[in-house]
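Step one of this worksheet: look at the structure below.
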Amino acid sequence: MDLALAEAKKAAAVGEVPVGAVIVDPKGTVIASAANRTRRDSDPTAHAEILAIRKAAKFLGNDRLVGCTMYVTLEPCAMCAGALSHARVARIIYGAPDPKSGGTDHGARVFEHAQTHHRPEVLGGISEAACSTLIRNFFNTRRAKS
């Protein structure tokens, strides 16, 4: 999670919502990492999770990330949860919950739907304080500037 937090801090430093993601293979080797780039890329799909999935799939030469684990600083949204299911990621470990826009344990709860083809293991609250503080401070600073 420390690597995901480092990615999130990079995003915050350039004005992106501070979310970072890291994917490790079944042996625990980091194969991809990314930070949010929606504003930089003018791309609403450029969430850290999506970018990390793309990098990992390219690295492995396979659209299936079987046995891989994603570490992400914020609970994935419904879009990212769907992509993680399609990629067949084995585990999602996230830091801060997202009661407003989460897609795994809150909100859409993508993996609870009968139509979901693959249901990864989900574990939330890892390094929650650090992840929550980073995102809360980011938005508090933005609101103060408004």
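The values are calculated or read from the model by the stated rules, or taken from the named source; none is laboratory data. Here the structure is a predicted model, which means the values were calculated and not measured. In this analysis, Cβ positions are derived from the backbone assuming ideal geometry, glycine residues included, and neighbour counts consider all displayed protein chains. Accessible surface is based on the protein model in full, side chains and every heavy atom, while ligands, DNA and RNA are left aside. Shrake-Rupley method; radii C 1.70, N 1.55, O 1.52, S 1.80 Å.
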- Task: Please find, among THR73, THR29, the residue that is touching a Gly at 6+ places or on another chain (Cβ under 9 Å) and either more than 23 Å from THR133 (Cα to Cα) or not aliphatic (A, V, I, L, M) (or both).
- Result: THR73
- Taking GLY67, is it at pLDDT 95 or above, touching a Pro at 6+ places or on another chain (Cβ under 7 Å) and farther than 17 Å from ALA8 by Cβ? yes
- Item | Filter result (in contact with a helix residue (DSSP H, G or I) (Cβ under 7 Å, 6 or more places away or on another chain) and either exposed (fewer than 15 other Cβ atoms within 10 Å of the Cβ) or among the hydroxyl-bearing types (Ser, Thr, Tyr) (or both)) within segment 86-126 | THR104, THR116, HIS117, HIS118, ARG119
- Log entry, pairs with first residue in segment 71-84 being free of Cβ contacts under 8 Å to residues at least 24 places away in the same chain, second being in a strand (DSSP E or B) and surrounded by fewer than 24 Cβ atoms within 10 Å (Cβ to Cβ), beta carbons closer than 7 Å, six or more apart or on different chains, reads none
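Report, by residue number, each residue of segment 55-65 that is surrounded by fewer than 19 Cβ atoms within 10 Å (Cβ to Cβ) and either basic (Lys, Arg) or in contact with a Leu (Cβ under 6 Å, 6 or more places away or on another chain) (or both).
Step one: filter segment 55-65 for residues surrounded by fewer than 19 Cβ atoms within 10 Å (Cβ to Cβ), giving 55, 57-64.
Listed by number, the residues that qualify are LYS55, LYS58, ARG64.
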- Query: How many of the residues making up segment 66-85 are within 15 Å of the chain's Cα centre (by Cα), farther than 22 Å from VAL17 by Cα and either of a type in the set (A, V, I, L, M, F, W, C) or open to solvent by 30 Å² or more (accessible area, probe 1.4 Å) (or both)?
  - Reply: 1
- Inspect segment 27-34 for any residue being out of contact with any helix residue (DSSP H, G or I) (no Cβ under 7 Å at 6 or more places or on another chain) and assigned to a helix (DSSP H, G or I) and give the result as yes or no. no
